[in-house]
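Following: one structure in structure tokens, then a few remarks.
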Amino acid sequence: MQTPAAFVHCTVQSEYSLFESTIQLRELVAQAVAYNMPALGLTDHGVLDGVPTFLQLCQDWKIQPIIGCKFLLEPLFPQDQPIEPASLTLIAKDRQGYLNLCQLVTAYQWNICQGQHILQRSLLEAHVQGLIALPAGQRGELSQYLLQNPVSSAKELIAWYRLHYELYLELQEPVSEAAKTLNQKLEELSLTEDLPLLVTHPVQCLHKGDFKSPEEMSALFQAYPEALQNSLKLAKKCHLRLSDIQNPAYFCAGLPAETESFRARVGLGLHARYATITPEIQDRLNAELKELTLQKQTKWYLFLADLCNWLKSQDLVYSTLIGNQGSLLVSYALGITDLDPIAHQISFQPRILKCAPRFTIDLSLEAIEPAQQFLREYWGEDFVAPTTVYTRSKTSNGQNRLLSGFIQSPHFFLISQQLPLRELLPLRFQNHSPMVQLHRDQIPALGFYTLQLLEHEPLTHLQKALKSLKQQGLLQNVNQIPTDDPKVFAFLSTEAALNLYWLNGDPESLNWLEQFRPTCLNELADLIALYRPRPLEAGLAQLYLERKQGKVPLPNWLDAHESLQEFLTPTQGVVIYLDQLIELLQTLAEFNTEQAEEVRSHLFKQDERFMEEVRMRFLLGTERLPDLADKADEIYKTLIFQAKTSFSRTHALGTALTLYRCAWVRYNYPFIWGSYKN
């Protein structure tokens with residue numbers, strides 16, 4: 001076992017420091033691991049975008065993370081001593097320190113939006129708890145002062161820092177005479193003021209010589225062994241973990257009154273949907289309510305119900321649902337989705353409630369702005385903000401890797417339930433409008449609600465046509481549209497359907513529709529799930545089609561067990577949906593829910609050892625089934641291969657239902673549809 005390095009880089013800038021660094025976080029952590037560094041810092045300029053990803057990477061690689069940020073400061077010097085804006089690096093010791101960093105970063109970004117690229121000292125003084133200050137690095141305030149003044153005159157500046165922060169004096173590589181002089185003055189100041197020295201190196205790329213090894217740094221600063229060791233001591237003072245930056249409200253139980261109100265509303269909705277509540281329906285509902293309460297998501301589903309039912313009340317069209325949350329009986333009861341999970345045999349998978357809620361709705365163009373306004377009014381302006389979209393430019397070798405800018409996501413919104421976003425996360429501003437310094441893929445791990453509102457032109461046509469039909473007394477709402485009209489399914493295979501929802505003018509998708517010729521929503525959903533790059537490349541779409549047409553027989557092992565027939569015969573023996581794999585692992589090989597979920601989570605990871613263990617567990621679990629004795633290995637390999645291309649059945653069915661509704665209106669009322677097409 002290697003001895004941990006005697007030095008770690010505490011101040012590193014990543015590509016999120018635009019035009020100052022090109023370092024990508026994964027490569028940065030990998031390099032630190034290669035150097036056997038027990039800790040690593042991330043201190044970008046004025047932003048904290050990379051923090052969740054960095055914390056996760058450090059957690060995965062068992063490295064101690066050091067989180068900080070660099071700012072340009074309002075000067076403390078007298079006005080008759082002009083000086084360029086000096087920098088200050090602040091390091092967060094704990095959650096409180098991180099929250100203070102968030103507040104400072106947000107204020108700094110607001111100043112930048114106003115054309116003022118500095119941070120006022122009054123803001124610094126208001127957010128000091130849990131922070132360590134490094135004022136003497138490159139362009140550091142203390143460094144600039146000492147280069148122009150004697151050490152003895154720095155007492156006022158040191159006193160200000162000491163009053164507010166724990167303080168380290170940075171020593172950096174003496175690449176010039178001025179740098180040598182600065183290090184000498186810092187050493188003198190350290191002695192006179194009893195302040196610790198800290199060796200740092202400004203890292204902005206991973207080229208040889210920039211991200212120096214511990215051995216290289218030790219050779220450069222062999223006269224300062226304690227200052228090298230202080231990098232490790234500073235790291236031990238930092239206790240920020242991914243769990244520390246998560247949304248605390250998400251992980252707190254809801255109020256009893258909220259839970260009872262939720263249950264009552266679901267109960268009323270269920271009786272409105274079903275004439276008779278069978279034991280199957282009641283058991284399913286009880287299981288969902290138990291898990292929803294356990295995962296503290298009742299408030300989220302009440303919001304979704306209020307949003308979707310408000311859209312309906314305003315005659316604003318949205319897709320039935322995109323996302324696994326539409327598989328819930330609760331969603332059907334509350335009017336969030338029109339997909340009946342009982343009728344469509346969509347099983348309840350508790351895993352969909354074990355992460356922070358993410359929800360996507362497709363809307364007509366006219367519904368986007370009202371939906372966004374509803375969102376802000378429902379939660380409050382300070383509790384909702386769009387996320388950041390990162391733009392990239394090509395590097396010299398043609399790779400699309402270099403981060404080149406930030407823009408506001410027009411569709412993806414983050415929601416805080418109890419505290420204003422600025423108290424929990426860093427914000428930036430575009431045209432004075434706030435956006436969260438996070439990419440949407442970073443958000444689920446932090447426990448915030450996220451809502452994606454996407455606009456689709458075919459839904460605009462549908463909305464206008466439905467409005468006209470309602471005015472003429474021909475159709476009151478989309479729920480009156482029958483979903484089993486064979487003429488409509490036949491129409492979907494014609495060129496007249498080309499510009500409908502999902503097809504979006506794609507002739508190849510129409511070509512597949514003509515070959516598949518679906519006769520029900522389930523078959524249409526199968527096509528939608530299969531018409532994607534992965535199943536197309538794997539040949540599964542073609543296999544499904546040929547079996548449907550009778551050109552290729554179903555696999556002979558389908559008759560080996562009733563569960564194989566139940567879950568695979570409807571999809572021509574092809575695993576199209578992830579739920580099929582989970583159900584078969586449980587019924588055939590007696591995997592429990594957690595084991596089946598673990599397989600699902602490893603499907604796309606290159607973990608051959610784990611998957612071999614799964615295979616052996618599957619073979620062992622099927623030994624009790626004599627009809628599978630000589631087929632179990634073939635069945636397992638087929639299930640896993642096909643599941644790697646699988647899709648969400650709820651997503652596919654929701655898309656299929658919306659496509660069918662567009663086709664029904666287009667087929668039955670072509671003149672009304674056509675009058676709104678342009």
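The values are calculated or read from the model by the stated rules, or taken from the named source; none is laboratory data. Since the structure is predicted, the reported quantities are computational estimates derived from the model, not experimental observations. Neighbour counts are summed over all protein chains in view; Cβ atoms, including those assigned to glycine, are modelled from backbone coordinates with ideal geometry. When the accessible area is computed, the model is the full protein with side chains, heavy atoms only, and any ligands, DNA or RNA have been set aside. Shrake-Rupley method; radii C 1.70, N 1.55, O 1.52, S 1.80 Å.
With label points built 7 Å along Cα→Cβ from the Cα atoms of residue 96 and residue 615, find their separation and express it in nm.
Going from the residue 96 label point to the residue 615 one covers 5.4 nm.
Roughly how compact is the chain, stated as its Cα Rg over 2.2 N^0.38 Å to two decimals?
Numbers: Rg = 30.0 Å, N = 678, 2.2 N^0.38 = 26.2 Å.
Dividing the Cα radius of gyration by 2.2 N^0.38 Å gives 1.14.
On average, how much accessible surface per residue is there in the chain, in Å², for a 1.4 Å probe, leaving out ligands, DNA and RNA?
Values: 29750 Å² over 678 residues.
I get 44 Å² per residue for this part.
For the chain, what % of the accessible area comes from carbon and sulfur atoms, probe 1.4 Å?
Numbers: 15110 of 29750 Å².
Carbon with sulfur: 51 percent of the solvent-accessible area.
Based on the mean of other beta carbon atoms within 10 Å per residue, what is the order of 609-615, 6-12, most packed first?
On the way: 609-615: 13.7, 6-12: 25.3.
Taking the mean over residues of other Cβ atoms within 10 Å, the ranking is 6-12, 609-615.
Where does the range 563-604 land on the Kirkwood hydrodynamic radius, alpha-carbon pairs, in angstrom? Can you show the working numbers first?
Working: mean 1/r = 0.0954 Å⁻¹.
For the range 563-604, the Kirkwood estimate is 10.5 Å.
Which far-off residues, 5 or more places away or on another chain, put their amide H under 5 Å from the one on residue 552, with H placed in the peptide plane?
Those qualifying (amide H under 5 Å, at least 5 residues apart or on another chain) are 547.
How much length is gained if the chain between residue 494 and residue 433 is pulled fully straight, taking 0.36 nm per residue apart and subtracting their Cα-Cα distance, in nm to one decimal?
Numbers: separation 61, 0.36 × 61 = 21.96 nm, distance 4.55 nm.
The span from residue 494 to residue 433 would gain 17.4 nm if fully extended.
How about the range 153-213: which trypsin sites (Lys or Arg not before Pro) there are in a DSSP loop, with at most 11 other Cβ atoms within 10 Å of their Cβ? Could you put the intermediate results ahead of the total?
Working: sites: 155, 162, 180, 185, 208, 212; in loops: 208, 212.
For trypsin sites (Lys or Arg not before Pro) across the range 153-213 that sit outside H, G, I, E and B with at most 11 neighbouring Cβ atoms in 10 Å, the list reads 208.
Please go through the range 485-580 and write out the trypsin sites (Lys or Arg not before Pro) that DSSP classes as loop and that have at most 15 other C-beta atoms within 10 Å. Each step should come with its number before you reach the end.
Working: sites: 487, 547, 548, 551; in loops: 551.
Hits after loop and neighbour filter: 551.
For residue 191 and residue 391, compute 0.36 nm times the residue count separating them, minus their Cα-Cα distance, and round to one decimal in nm.
Numbers: separation 200, 0.36 × 200 = 72.00 nm, distance 4.73 nm.
So the extension gain works out to 67.3 nm.
Evaluate the range 79-221: find the radius of gyration of its Cα atoms, find its Kirkwood radius, and give the ratio Rg to Rh. It would help to have the intermediate numbers written out before the result.
Values: Rg = 16.0 Å, Rh = 16.5 Å.
Ratio of gyration radius to Kirkwood radius for the range 79-221: 0.97.
Compute the label zone of residue 472 within the range 483-509: residues whose backbone N is under 19 Å from the point 7 Å along Cα-to-Cβ.
Within reach of a label on residue 472: 488.
To check you understand DSSP bridge types, tell me what percent of the beta bridges within the chain (both residues inside) are antiparallel, rounded to 5. Please report the intermediate quantities before stating the final value.
On the way: 31 of 53 bridges.
Within the chain, antiparallel bridges account for around 60 percent of the total.
How about the range 24-121: which trypsin sites (Lys or Arg not before Pro) there lie in a loop by DSSP and see at most 11 other Cβ atoms within 10 Å? Numbers along the way, then the final one.
Numbers: sites: 26, 62, 70, 93, 95, 121; in loops: 62, 93.
Passing sites in the range 24-121 are 62.
Kindly provide the helix-only [θ] at 222 nm of the chain, computed as the sum of -39,500 (n - 2.57) over DSSP H runs of four or more divided by all residues, to the nearest 500 deg cm²/dmol?
-14000 deg cm²/dmol
State the Cα centre-to-centre distance between the range 609-655 and the range 268-345 in whole Å.
Taking the Cα centre of each part, the range 609-655 and the range 268-345 sit 30 Å apart.
Rounded to the nearest 0.05, what FRET efficiency do residue 56 and residue 128 give with R0 = 22 Å and r taken as the Cβ-Cβ distance? Could you check?
Values: r = 28 Å, r/R0 = 1.27.
Computed FRET efficiency for residue 56 and residue 128 comes out at 0.20.
So if each residue of separation counts as 0.36 nm, and I subtract the Cα-Cα distance between residue 139 and residue 160, what length gain in nm does that give?
Values: separation 21, 0.36 × 21 = 7.56 nm, distance 1.83 nm.
Here the answer is 5.7 nm.
Calculated FRET efficiency, residue 606 and residue 206, Cβ-Cβ r, R0 25 Å, to nearest 0.05? Kindly include the intermediate steps, with their values, before the conclusion.
Values: r = 24 Å, r/R0 = 0.96.
That pair, residue 606 with residue 206, gives E of 0.55.
In the structure displayed, which of 208/233; 93/155; 299/354; 354/605; 605/644 lie more than 18 Å apart, Cα to Cα?
Over 18 Å Cα-Cα: 208/233; 93/155; 354/605.
Rounded to the nearest 0.05, what FRET efficiency is calculated for residue 520 and residue 314 with R0 set to 25 Å and r the Cβ-Cβ distance? Working shown, then result.
Numbers: r = 31 Å, r/R0 = 1.25.
The pair residue 520/residue 314 has a calculated efficiency of 0.20.
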